[in-house]
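Enquirer: Have a look at this one before I ask anything.
Since every read-out is calculated from the coordinates, none of them should be taken as a lab result. A quick note: this is a predicted structure, and the numbers were derived from the prediction, not measured. Quick reminder, even Gly has a Cβ in these numbers, built from the backbone with ideal geometry, and neighbours come from all protein chains shown.
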Number of protein chains: 2
Amino acid sequence: MNKLTLKSLLTETRKGFEDLLYLAMDRRIRLAVTGLNQAGKTVFITSLIHQLLMGARLGGLPFFRVVADGRFQGAKTVLQSSMDIPAFRYDQFIESLKGHPAQWPRATDGLSEIRLAIRFRPGGLLHTRFKSTHTVYLDIIDYPGEWLLDLPLLGQSFNDWSNEIFALCKTPPRETLSRPWLTYLRQLQPLQPAEEGVLRQASRLFTDFLLACKREPFGLNYLQPGRFLIPGDLKDAPLLTFCPMPATERLPEPGSLAQVMAQRFESYKELVVWRFYQQHFSNFDRQIVLVDLLKGLNRGPDHFADMSRSLKSILKNFDYGRSSLLSRLLQPRIDRLLFVATKSDHVAANQHNNLERLLRRIVMDSVNEAAFNGVAVETMAISSIVSTETVVKEYEGKRLSFVRGCPKGRSEEVLLFPGEIPEKIPRPEEWHTERFNFLEFEPGSPMDDGDGRLNHYRLDLVLDFLLGDKLA
Amino acid sequence: MNKLTLKSLLTETRKGFEDLLYLAMDRRIRLAVTGLNQAGKTVFITSLIHQLLMGARLGGLPFFRVVADGRFQGAKTVLQSSMDIPAFRYDQFIESLKGHPAQWPRATDGLSEIRLAIRFRPGGLLHTRFKSTHTVYLDIIDYPGEWLLDLPLLGQSFNDWSNEIFALCKTPPRETLSRPWLTYLRQLQPLQPAEEGVLRQASRLFTDFLLACKREPFGLNYLQPGRFLIPGDLKDAPLLTFCPMPATERLPEPGSLAQVMAQRFESYKELVVWRFYQQHFSNFDRQIVLVDLLKGLNRGPDHFADMSRSLKSILKNFDYGRSSLLSRLLQPRIDRLLFVATKSDHVAANQHNNLERLLRRIVMDSVNEAAFNGVAVETMAISSIVSTETVVKEYEGKRLSFVRGCPKGRSEEVLLFPGEIPEKIPRPEEWHTERFNFLEFEPGSPMDDGDGRLNHYRLDLVLDFLLGDKLA
């Protein structure tokens, strides 16, 4: 036993030492990517890597400073450092985008990671003279948005959390969707002895409710605990077998339903959320959060409100200004945080600014920017891969911007008028049926014919914001 | 951060304290159940629990001493203690066995756990006078046989292991099945720089080889690393992306194919095998290993040899007598180890003794029993659930034992003569085509009409060996 543990200690120490060395030399960047429900995370990361791998040889990243300055020497994928984290399968994903016909890659389900080595010449007079070349290791970590939305649970008691859920269940669509679960819950006495069968049934109905919220046509995001939706190897474990309970007048006795539920909630926080925070989140340097605002508009005001709630809840993790328990607990070292509205190619080019402005409103409105002590927060509207073309045409004497592309599930291109993006969050009376109906598209021919690079909108700005200072 | 860790520490301490208390009072038994490929682990545990739950009320466990003595007061399932281990879903499994028609429950895939509380009156004069009742908590832990077969890796270097695999690949059926992998491997230079694409392809071909060995018609068991076959949440992680490599003359440099493969093998040992040992295996009190010897005989001599190799490899984990690195590393506290040949009802009752004797030969032959310092090793032939009936008939003037049951995939009962079980391992020349062709059966009507209890063979002996001394 001694030999093995000593050995593993040495391995750990050595690994830790190398990482520390890179860190001290500012040569290792851990970029975390997550997104709300179906925001296009896999496609985003695939295209980002693709742009970096192609970056040295071709144009197409005019606003990525290190490339524009001619200092970018090249990038390649190298062996990842974490042995027990699944690889982000860039090789498979780029393959399906290069196919004929090109296909969207299948979305990933849990945590995954990929490492790139980026070689560049530093700017500045001294470096220019000596033509020295530096290497930076970029780890891109892909993880489900649900895990990020779980972090605030660390600052909540079981009663706080239960009350929040019960309050949310008073508004549509949760009001209807939660009915089977709440009906069952009303038959239970919080102080009755806990039995596994009852815990399971209550938990199953609660999980069904969460799954119904997540599914079409609702597509909600503010759904905790996140692992109830993606259990992986923890399926059927007690820490995924509980649900919110009404508060009791007296402290529930050990072994009572309410006490066991609360105990499992605490175990979930400790063994799932806290572990994710310690092992992963606290080591991230940069965080990007992807949002599909267009789908948000399609789905109407309830969904939109839920999306806003999710984004604000995410922001709270970074809000050092407030002296909440959470902000004291969680001091991520993330110093740049980027919110991105994806799939901007689904609307005409003249709407992209509005898309970005709308996202900015949602993210920034309720938050005092000064509160983000040391964290630069930015918003952008991008397209990881451009699958349409904007066509300007005369219509009844006016110039209108149309979009040409192949809608999802169809094989022919069509020309359509997707309509306009509001630059402000629509007021309740402004939402009316069919106001928003943005379509999804097939990838089409995403490669530029000339240089074999995936077309994108503004990934260069994304790269410059996230990595620029590290490649200066 | 302080609050959370302090709290978790307290929770851990309290939990640890309770467990320690039960342990000190001899009131907690961790019974581990595993089996080779499709030995019927789920059905075995389901029936074992069922017998215990019914035990107090009904007969049917005549050789389980505590029941026979009338001291058994009852058993019930209670909340399990491990929060992050999936529950063994007895409720679902017994349901499918009680259905009309009864169906075999679906096999489980990873680790799972269930806890029973057993109440009994201790024997002995003093206790009898005071009529005191004791409670024992029985944790049944179900885990894949592949994990147990992985333990010996802890004592092997990458070169040892590679050489063992290469040697095995010289014998059928591995010789043919390993060809695509070995052909690819021969194109590689062990000292070439490691690239993820090559690592992946080599590892994929090796994994395909392992999967082909496991599948019908081969059904081999001696297949490491076990997680290559059941990756769960570790799918695509580097520690599951390697394969054996030929030894190199000089020490491979960091970053070479051979060095990276070896590094990943070490990570697998450390983060998968060693973790399983520490977190689970080292806490087991009793271990039962299930084997389907009948399928072993059907599949012929290569399979049978592989099964024997697997069982001997398992035994080595307990072989304190030898002064190997492994025996010094691993000192499990398991003090009773039971090997069981399952599905004995697939042959006539007069063959059960031979089945048990055959198993004993395989397990005991090569091992000096005295070496098992402090571990009681036993073999039995049982049937977790009886799905056939033995019928004795005259055939050409002789009495022959037939079996009546509904063969798997059919809906009508048939009467058949399954043949005889050899009591010794057949010599090479004794295996000939069609000598053994034991059928699998549908569960039929597994409940006894009289008392609604699942019929079994010798589960009472199993219970008495595994638990008897703790309920004395």
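Enquirer: Run through the other copies and list how far each one's label point is from that of A:I230, in nm with one decimal, shortest first; the point sits 7 Å from Cα along Cα-Cβ.
Expert: From this label point to the equivalent ones elsewhere in the assembly: 2.4 nm.
Enquirer: Turning to a different aspect of this structure: With a/c under 1.5 counting as rounded, go ahead and sort the protein assembly as shown into rounded, prolate or oblate using the C-alpha gyration tensor (a ≥ b ≥ c being the square roots of the eigenvalues; past the cut-off, prolate if a/b is larger than b/c, else oblate).
Expert: Because a/c hits 1.5 or more and a/b exceeds b/c, the protein assembly as shown counts as prolate.
Enquirer: In peptide B:77-90, how many Cβ atoms from other protein chains are near each Cβ within 10 Å, on average? If you can, show how the numbers build up before the last one.
Expert: Working: counts 3, 4, 10, 3, 1, 4, 14, 12, 6, 9, 9, 1, 2, 1.
Mean inter-chain Cβ contacts per residue within 10 Å come to 6.
Enquirer: With +1 on the Cβ of every Lys and Arg and -1 on the Cβ of every Asp and Glu, and nothing else charged, how large is the dipole of region A:154-277 about its Cα centre, in debye rounded to the nearest 20?
Expert: I would put it at about 300 debye.
Enquirer: Taking DSSP loops as anything outside H, G, I, E and B, show the longest stretch in chain A free of GluC sites (Glu not before Pro) there with at most 10 other beta carbons within 10 Å. Display every interim value, and only then the final one.
Expert: Numbers: sites that count: A:E249, A:E396, A:E412, A:E434.
The segment A:1-248 is the longest one with no such site.
Enquirer: Please give every one of the aspartates and glutamates within straight-line cross-link reach of A:K214, meaning a C-alpha to C-alpha distance under 12 Å, and leave out same-chain neighbours fewer than 8 residues apart.
Expert: Correct list for A:K214: A:E146, A:D306.
Enquirer: Which of the residue pairs A:K235/A:K408; B:K76/B:K98; A:K269/A:K316 have a Cα-Cα distance greater than 26 Å in the structure shown?
Expert: A:K235/A:K408
Enquirer: Here's another thing I want to ask about it. For A:R399, go 7 angstrom from Cα along the Cα-to-Cβ vector, then report the distances to that same point in the other copies in nm, smallest first.
Expert: 10.4
Enquirer: Using a 7 Å offset from the Cα along the Cα-to-Cβ direction at both A:E175 and A:K424, what is the distance between the two label points in nm, to one decimal?
Expert: Output for this residue pair reads 2.7 nm.
Enquirer: Could you tell me the extents of region A:154-277's C-alpha atoms along the three principal axes, largest first, rounded to whole Å?
Expert: 41, 33, 27
Enquirer: How would you classify chain B from its alpha-carbon gyration tensor, with a ≥ b ≥ c the square roots of the eigenvalues: rounded for a/c under 1.5, else prolate if a/b is greater than b/c, otherwise oblate? Write out the running numbers ahead of the final one.
Expert: Numbers: a/c = 1.94, a/b = 1.22, b/c = 1.59.
Oblate is the answer for chain B, as a/c is 1.5 or above yet b/c matches or exceeds a/b.
Enquirer: Something else: Can you sort B:M245, A:M83 so the residue with the fewest Cβ neighbours within 10 Å comes first?
Expert: Ranked by crowding around the Cβ, least crowded first: A:M83, B:M245.
Enquirer: Which residue is it, in chain A, that holds its beta carbon closest to the axis of the A-onto-B rotation, and how many whole angstrom away?
Expert: Nearest Cβ to that rotation axis, in whole Å: A:D233, 2.
Enquirer: Sorted from fewest to most neighbouring beta carbons within 10 Å, what does the list A:L138, A:L223 look like?
Expert: The most exposed by this proxy come first: A:L223, A:L138.
Enquirer: Then there's this: Just counting partner chain Cβ atoms within 10 Å, what average do the residues of peptide B:268-280 show around their Cβ? Display every interim value, and only then the final one.
Expert: On the way: counts 2, 3, 8, 3, 2, 0, 5, 1, 0, 2, 3, 0, 0.
Whole-number average of other-chain Cβ neighbours for B:268-280 is 2.
Enquirer: Give the relative contact order (percent, whole number) for region B:102-174; include only Cα pairs under 8 Å separated by 6+ residues.
Expert: Relative contact order of region B:102-174: 28 percent.
Enquirer: Of the trypsin sites (Lys or Arg not before Pro) in region B:412-465, which ones lie in a loop per DSSP and count no more than 12 other C-beta atoms within 10 Å?
Expert: Answer in residue order: B:K424.
Enquirer: Set the Förster distance to 60 Å, then compute FRET efficiency between A:Q73 and B:R106 from the Cβ-Cβ distance, nearest 0.05.
Expert: 0.65
Enquirer: Quick one: B:I165, B:I230, A:I114, fewest Cβ neighbours within 10 Å first, how do they rank?
Expert: On the way: B:I165 19, B:I230 13, A:I114 22.
If I rank by nearby Cβ atoms, fewest first, I get B:I230, B:I165, A:I114.
Enquirer: Still on this structure: Mind listing which trypsin sites (Lys or Arg not before Pro) in region A:179-229 are in a DSSP loop and have 13 or fewer other Cβ atoms within 10 Å?
Expert: Within region A:179-229, the qualifying trypsin sites (Lys or Arg not before Pro) (loop, at most 13 other Cβ atoms within 10 Å) are A:R215.
Enquirer: Also: Which whole number gives the average count of other chain Cβ atoms within 10 Å of the Cβ atoms across peptide A:234-247?
Expert: 4
Enquirer: Here is a further query. Report relative contact order for chain A in percent, whole number only (criteria: Cα-Cα under 8 Å, sequence separation at least 6).
Expert: With pairs under 8 Å counted, the relative contact order is 18 percent.
Enquirer: So, by mean Cβ neighbours within 10 angstrom, what's the order for B:286-293, A:156-163 with the highest one leading?
Expert: Ranked from most to least packed, the peptides come out as B:286-293, A:156-163.
Enquirer: May I ask for the distance between the Cα centers of region B:182-253 and region A:33-98, given as a whole number of Å?
Expert: After rounding, the separation between the Cα centres reads 27 Å.
Enquirer: Give the relative contact order (percent, whole number) for region B:154-277; include only Cα pairs under 8 Å separated by 6+ residues.
Expert: 35
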